[in-house]
Amino acid sequence: MKAEKALIHELSKPGRTAYSLPACDVPVVEHHRLIPSEMLRAEPAELPEVYEVDVIRHYTELSRRNFGVDNGFYPLGSCTMKYNPKLNEEVAQYAGFAKIHPYQPEESIQGALELMYELQRDLAALTGMDEVTLQPAAGAHGEWTGLMMIRAYHEKRGEVRAKVIVPDSSHGTNPASAAAAGFETVTIRSNEHGLVDLEELRAAAGSDTAALMLTNPSTLGLFEAQIVEIARIVHDAGGLLYYDGANSNAIMGIARPGDMGFDVVHLNLHKTMSTPHGGGGPGAGPVGVKKELAAFLPAPTVVKRTDGSFGLGGGAEDSIGRVKAFYGNFGILVRAYAYIRSYGPEGLRRVSECAVLNANYMMRRLEPYYDIPFPGICKHEFVLSGKPLKKFGVRTLDVAKRLLDFGYHPPTVYFPLTVEECMMIEPTETESKDTLDAFIDTMIRIAREAEEQPERLLNAPHHTVVKRLDETQAARNPVLNCSCR
Ligand SMILES: *Cc1c(COP(=O)(O)O)cnc(C)c1O
């Protein structure tokens, strides 16, 4: 048994420092001359006084408690936690990309501008759109940007359309973005196959419909085979179709939202294209639009001039304006560009084929042990229900906690809300069959334990630094200083 590590404030002794600086040889400016006095602390902050090595050990220890795709399998549905090739990290570090400044003259950053221009073209080609903005910093930000363009489009035509339709399986950001963009959301129930119910949609669509927001494949991992009819219903009512492409892992190089009838698309480069998702790090949620909406794009976009040079352009009178400082999170764009170019069109198609194959393989092997609410072929992810374990007093949450003991990040649980005791599993294309099999065997073992030793699950996790957390308190009353374990 490892001895408990002392917390950093327990190591504190007055006078210890982690650095040594030479004596100051420039005039000292008093704080209060630079900072208004009401903003200054009355007492010095109570920081631990420790040596450098203590600080290093403290933060290294904290970093080891993190779990990420580089530690192990992370089948978190609707998140695409896949391995991100390290080559693309290296490319993003090139000085010509990492050490430039957005205020530099355009002629000195032609390479960066060309990369952005080419990425705009590649993403347009991949999604079947005409024009793309790279500005939005996240998926939800892309949704909001797209909806603001939809709003501007209707206004320009002199129409007031206040409602955005979303299915009940939609990602929570969809209704939230619609509300943030000033729309009212109308939720429609899915049919018994987990798909859009055409009758519900027909009843909801009308002269007040601004747009339908749809994820296809849906968050249940199901492809809306009736998408052409869905698009017709919405367009006939005068509305537009918004494609939530946060997870494009299932369709790259196979199907394009633009061909399905969508007018606006956002992608999460920080899921599908070589940037890890989560942890609050920078992301990129580019938005593509059909030409009817191009005039409303945020400005600037990157343009290619007639002399072959690249520059910033757009920003005609109908533009919704700027949605992000400078041009978006450039480092993420570099990774995505490197990803697209290193795979090429065939490689991207193969990514999606393997992601879908892995999900179906896992679903079929788990079918005898858990409920499969929608038994057809799934796309890049699938949902299981832990309902059969309820008779042993075990719930999906217990399965998720038990998985931690085996070194796995649990799948997404209790989402989508439409499936009882839901687990949403996304294996991704970057895992080997060995990893998939090991996870499947663990899930089978847990299903057996539920029957034979349910207390193993109810008391899980057994081997983690912290056990079960009060998730409500953790969200409502977070304690974020170093004295908490
Ligand atoms: C992740 C996700 C989003 C939101 O993306 P963020 O970058 O987290 O804002 C939206 N829709 C779907 C379906 C998602 O999976």
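The values are calculated or read from the model by the stated rules, or taken from the named source; none is laboratory data. Quick caveat, the model's predicted, so the values are computed rather than measured. All Cβ positions, glycine included, derive from the backbone under ideal geometry; neighbour counts span all protein chains shown. In case anyone asks, the SASA skips ligands and DNA or RNA and just uses the protein heavy atoms, side chains included. Shrake-Rupley method; radii C 1.70, N 1.55, O 1.52, S 1.80 Å.
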Do the conditions hold for ARG395, that is, is it of a type outside the set (S, T, N, Q), surrounded by fewer than 19 Cβ atoms within 10 Å (Cβ to Cβ), in contact with a helix residue (DSSP H, G or I) (Cβ under 8 Å, 6 or more places away or on another chain) and on the phi < 0 side of the Ramachandran plot? no
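Inside the stretch 146-175, can you point out the residues that are of a type in the set (Lys, Arg) and part of a helix (DSSP H, G or I)?
ARG151, LYS156 - these are the residues of the stretch 146-175 that are of a type in the set (Lys, Arg) and part of a helix (DSSP H, G or I).
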Selected residue [more than 16 Å from the ligand (Cβ to nearest atom), of a type outside the set (Asp, Glu) and touching a Leu at 6+ places or on another chain (Cβ under 8 Å)] from VAL29, VAL55, VAL50: VAL50
Given the conditions (1) open to solvent by less than 60 Å² (accessible area, probe 1.4 Å); (2) over 17 Å from CYS79 (Cα atoms); (3) touching a helix residue (DSSP H, G or I) at 6+ places or on another chain (Cβ under 7 Å); (4) of a type in the set (Phe, Trp, Tyr), and given that PHE439 satisfies all but one, which numbered condition is not satisfied? (3)
Can you tell me how many residues within the stretch 96-141 are open to solvent by 20 Å² or more (accessible area, probe 1.4 Å) and either free of Cβ contacts under 8 Å to residues at least 12 places away in the same chain or assigned to a helix (DSSP H, G or I) (or both)? 22
All but one of (1) buried (at least 16 other Cβ atoms within 10 Å of the Cβ); (2) within 14 Å of the ligand (Cβ to nearest atom) hold for ILE188; which doesn't? (2)
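Answer yes or no: is there a residue in the stretch 268-284 that is away from the ligand (no atom under 15 Å from the Cβ) and in contact with a Leu (Cβ under 9 Å, 6 or more places away or on another chain). Quick ask: steps written out before the conclusion?
From the stretch 268-284, those away from the ligand (no atom under 15 Å from the Cβ) are none; that's our starting set.
Among the residues of the stretch 268-284, not one is away from the ligand (no atom under 15 Å from the Cβ) and in contact with a Leu (Cβ under 9 Å, 6 or more places away or on another chain), which makes the answer no.
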Report the residue count in the stretch 142-161 for those that are open to solvent by 10 Å² or more (accessible area, probe 1.4 Å), out of contact with any His (no Cβ under 8 Å at 6 or more places or on another chain) and either within 16 Å of the ligand (Cβ to nearest atom) or not aliphatic (A, V, I, L, M) (or both). 9
For the stretch 71-94, the count of residues that are outside any loop (DSSP other than H, G, I, E, B) and within 16 Å of the ligand (Cβ to nearest atom) equals 1
Looking at GLY206, is it assigned by TED's automatic domain parsing to the domain that holds PRO175, assigned to a loop (DSSP other than H, G, I, E, B) and within 21 Å of the chain's Cα centre (by Cα)? no
Would you call GLY311 within 23 Å of TYR153 (Cα to Cα) and either away from the ligand (no atom under 12 Å from the Cβ) or surrounded by 19 or more Cβ atoms within 10 Å (Cβ to Cβ) (or both)? no
Among (1) closer than 29 Å to MET273 by Cα; (2) open to solvent by less than 50 Å² (accessible area, probe 1.4 Å); (3) part of a helix (DSSP H, G or I), where does ASP434 come up short? (2)
